[in-house]
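Trainee: If you scroll down you'll find the structure; I have some questions about it.
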Amino acid sequence: MVVIFLWIPLAIIMLYAFNRSNVQTWPIKHYSTHWFGVAWRDQEVRDAFVLSLKVACAATAVALVLGSAAAFAVARYRFFGVNTVSFLVIIPIALPGVITGIALQSSFAVAGISFSLWTIMIGHATFCIVLVFNNVIARLRRMLPSIEDASMDLGANGLQTFRYVLFPELRSALVAGALLAFALSWDEVIVTIFTAGGNTTIPIWIWTGLRTGGSGSEINVVAAAVVVLSIIPVYFAQRLTSGAGASSSGSRAS
């Protein structure tokens, strides 16, 4: 019942995207794709779409590098404060977005950094790192460190060990983490409000339209597109992680 309750509003938004009338009434009397064309020709929507895509790709790239590095450090090395490092990496996704946004906005103001694509990307990367970190560290903990030692004993250097031994095992976890990070960055609105300045991403465009009384039908079309583009990477990430888990269990059993 809870899952159905969560999905009903999304289904209604998808239906309203095909409402020919600009007045939101129920039941919908006439269906049309007219507003899809209006949204596609709207230059503001297209600019916001491109900016959101750039931010999501940049935040995902940063999350892949830093999240993987942190996962390797915590899973493969023992040093003073290892649990603290793990806690500090994970805590941003547990904090309310408004707290993270205010903290980042204050930090940028103190440092004299102007708001731009890069400030949005930094804000998104703070919580996207967690998704990559969790996926990679879970996979590393299922892998025996002895396979890395065996690779080194056979003459492979660190780069070769990563390329031929670790990366094939980690590939699905990295891709799943990247897809989830992209999806989370793509539709993030709260942190973006505090770090965007005058820049407009797709979620900011939707929020501004609702606040200022923009075209409801066009907003529904854009919102439906955001929902679809958020669900797709999450679906593939779930398939990758579940498939990798099944194959790992099968290989251990054999």
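Trainee: Between helix 43-76 and the chain, what is the angle of the helix's C-alpha long axis to the longest principal axis, kept within 0 to 90° and rounded to the nearest 10?
Mentor: 20 degrees
Trainee: Pick the calculated Cα Rg over 2.2 N^0.38 Å for this structure from (i) 1.20; (ii) 1.07; (iii) 1.01?
Mentor: It is the value labelled (i).
Trainee: Let me cross-check LEU179: its accessible surface, 1.4 Å probe, with only protein heavy atoms counted, in Å² to the nearest 10?
Mentor: LEU179 has an accessible surface of roughly 50 Å² with all protein chains in place.
Trainee: Counting other Cβ atoms within 10 Å of each Cβ, which trypsin sites (Lys or Arg not before Pro) in segment 9-99 have at most 11 and sit in a DSSP loop? Intermediate values should be presented prior to the final figure.
Mentor: On the way: sites: ARG20, LYS29, ARG41, ARG46, LYS54, ARG76, ARG78; in loops: ARG20, LYS29, ARG78.
Loop-located and lightly packed - LYS29, ARG78.
Trainee: Roughly speaking, to the nearest percent, how much of segment 45-85's 1.4 Å accessible area is carbon and sulfur?
Mentor: Answer for segment 45-85 is 71 percent, counting heavy atoms of protein chains only.
Trainee: Using a Förster distance of 45 angstrom, determine the FRET efficiency expected from the C-beta separation of LEU88 and ARG46, and round it to 0.05.
Mentor: Values: r = 38 Å, r/R0 = 0.85.
The formula returns an efficiency of 0.75 here.
Trainee: Follow-up question, since we're still on this one. Search the structure for amide H atoms under 5 Å from the amide H of ASN19, placed 1.01 Å from N in the peptide plane, and list their residues when 5 or more places away or on another chain.
Mentor: Under 5 Å from the amide H of ASN19: SER32.
Trainee: Gain in length, TYR31 to THR212, computed as 0.36 nm per residue apart minus the alpha-carbon separation, to one decimal in nm?
Mentor: Details: separation 181, 0.36 × 181 = 65.16 nm, distance 2.56 nm.
Between TYR31 and THR212, full extension yields 62.6 nm more.
Trainee: Assuming R0 = 35 Å, can you tell me the calculated FRET efficiency for the pair ARG142 and VAL189, based on Cβ-Cβ distance, to the nearest 0.05? It would help to have the intermediate numbers written out before the result.
Mentor: Working: r = 35 Å, r/R0 = 1.00.
FRET efficiency, ARG142 to VAL189: 0.50.
Trainee: Between ILE13 and PHE236, what is the spin-label point distance in nm, taking each point 7 Å from the Cα along the Cα→C-beta axis?
Mentor: Each label point is offset 7 Å from its Cα along the Cβ direction, giving 2.1 nm.
Trainee: Between VAL228 and ALA156, how high is the FRET efficiency from 1/(1 + (r/R0)^6) when r is the Cβ-Cβ distance and R₀ = 45 Å? Nearest 0.05.
Mentor: Working: r = 44 Å, r/R0 = 0.97.
Using R0 = 45 Å, I get an efficiency of 0.55.
The values are calculated or read from the model by the stated rules, or taken from the named source; none is laboratory data. None of these values were measured; they are calculated from a predicted model. Every residue, glycine among them, receives a Cβ derived from its backbone with ideal geometry; neighbour counts consider all protein chains shown. Ligands, DNA and RNA are excluded from the accessible area calculation, which covers all protein heavy atoms including side chains. Shrake-Rupley method; radii C 1.70, N 1.55, O 1.52, S 1.80 Å.
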